[in-house]
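The values are calculated or read from the model by the stated rules, or taken from the named source; none is laboratory data. Only a predicted model underlies this, so the values are computations on that prediction, with no experimental measurement involved. Ideal geometry is used to build each Cβ from the backbone, glycine not excepted, and the neighbour counts take in all protein chains shown. Please note that ligands, DNA and RNA were not included when accessible areas were found on the heavy atoms of the full protein model with its side chains. Shrake-Rupley method; radii C 1.70, N 1.55, O 1.52, S 1.80 Å.
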Amino acid sequence: MSQHATGIGNIQISVNESEAVHITVNGQLAVKLVSPAFPRPMYDGDLRETDLLKAAHATVPFVGRREFLDEFKEWCLGPRPVSFRVLAEQGGAGKTRFAYEFYGRMRKQADWGAHFLRFFKDEAKEVDLWREIKVQNALLIADYASDYAKPLADLLRSLTESPRAGQRIRVLLLARTADWEQGWLSSLRSTRTAEEVDRLFHPREPIHLPAFTAEERREIFEAAVKRFAEMNRKSPPAIPNLGVFERVEVAERLTDPLTLMMAAATALHTGSAAALALNRTELAFEVAETLVAQRMKGAVADHQGLFLHMAAFATLCGGLEKPEALRVLESEGDATKLGRVADPQAFLEKLQAWLP
């Protein structure tokens, strides 16, 4: 359920039904199964350019990969009680967008529910999904699966036991890399039940997204340019002909939808030809410079330099727990001479809202 209200006065919102499933262990929230609206609504008052790059908003139409999507649906509707899959691809290739399209399609399927997994503990040994999921059939999607190998291993192992008659559960794991010989994927089978978990992957090896054609890449770029122009109330720049997208050097640099959309955002300021001449790193810099940094600095009234510095620090560390972030905030403020903030908790909460 999603609601948006603006104005003055008292506002009351009553939620009669929620599709989220909260699973607790010993009184603590361990796993949540969430079913967000898709596409996620965007409201003019809150809209930021970076929101257009997020998969959940489905800013541009789903292009290509229709047969790939059909095959995933067939996998879901197959007769096996339990089946797992891994979709592995580099960041920006469209994994999450594909997962949302798949999720949206299965939500409309009779007798099926679809959820995204959210983990709140580093283990899930006592979670019984067969008992917790009330629908007859369910698709569960775990994004950034490599970050949650331990609780995922617990969940997958629990699904090897005691399925309910006629019930089907499908689990799709999304990750940038996946290898059965090393890393997070190999850890899913590092116990005596390894063979049981292993045999439930269909296919066993990670799956990769099909590449876009030149026509599809041009279609994504054009749709994104128009959307950015609409948001900024500008006229969109001219879109190059198909021949430009067929060039080898352009095809190699602009292979994935995120890069194409970053090029579209840049094209609004530089023109299409200049934007399509940049590589992914250059485009990321342009987008970060014009979209992310400006908006992020606007999130805090003062100490904007420290806000950006902490964003970079946390990113390079791979994330920070709150107590550690509080210590770092103080020491970095002194070391960089960017100063100390009056309310560190509130400062970090605003940063966390930008970098969850």
Inset, instruction - Note down the net charge around Ser83, summing +1 for each Lys or Arg and -1 for each Asp or Glu among other residues with Cβ under 9 Å from its Cβ. - result: +4
Legend entry - Those GluC sites (Glu not before Pro) in the range 301-355 that DSSP places in a loop and that have at most 14 other beta carbons within 10 Å: Glu321
Inset, instruction - Show Val135, Val60, Val248 ordered by accessible area, largest first, where the area counts protein heavy atoms only and the probe is 1.4 Å. - result: Val248, Val135, Val60
Inset, instruction - Within the range 73-109, list the GluC sites (Glu not before Pro) lying in a DSSP loop whose Cβ has at most 15 other Cβ atoms in a 10 Å radius. - result: none
Legend entry - Size descriptor, Kirkwood hydrodynamic radius, that averages inverse alpha-carbon separations across the chain, Å: 22.8 Å
Legend entry - Overall form of the range 103-225 per C-alpha gyration tensor (a/c, 1.5; a/b vs b/c): oblate
Legend entry - Heavy-atom accessible area order for Trp354, Trp112, largest first, 1.4 Å probe: Trp354, Trp112
Inset, instruction - Could you order Arg168, Arg131 by accessible surface area, starting with the largest, using a probe radius of 1.4 Å? - result: Arg131, Arg168
Legend entry - Rg [Å, one decimal], Dmax [Å, integer] - the range 226-286, C-alpha atoms: 11.0, 33
Inset, instruction - Given a cut-off of 18 Å, name the pairs among Lys125/Lys150; Lys54/Lys150; Lys54/Lys234; Lys150/Lys322; Lys121/Lys322 whose C-alpha atoms lie farther apart than that in the structure shown. - result: Lys54/Lys150; Lys54/Lys234; Lys150/Lys322
Legend entry - Per principal axis, descending, Cα span of the range 67-159 in whole Å: 37, 33, 19
Inset, instruction - Report the FRET efficiency, 1/(1 + (r/R0)^6), for Asn241 and Arg164, where r is their Cβ-Cβ distance and R0 is 41 Å, rounded to 0.05. - result: 0.15
Legend entry - Antiparallel %, DSSP beta bridges [both residues in the chain], to 5: 30 percent
Inset, instruction - For Gly113, list long-range residues whose amide hydrogen, built 1.01 Å from N in the peptide plane, is under 5 Å from its own amide hydrogen. - result: Asn137, Ala138, Leu139
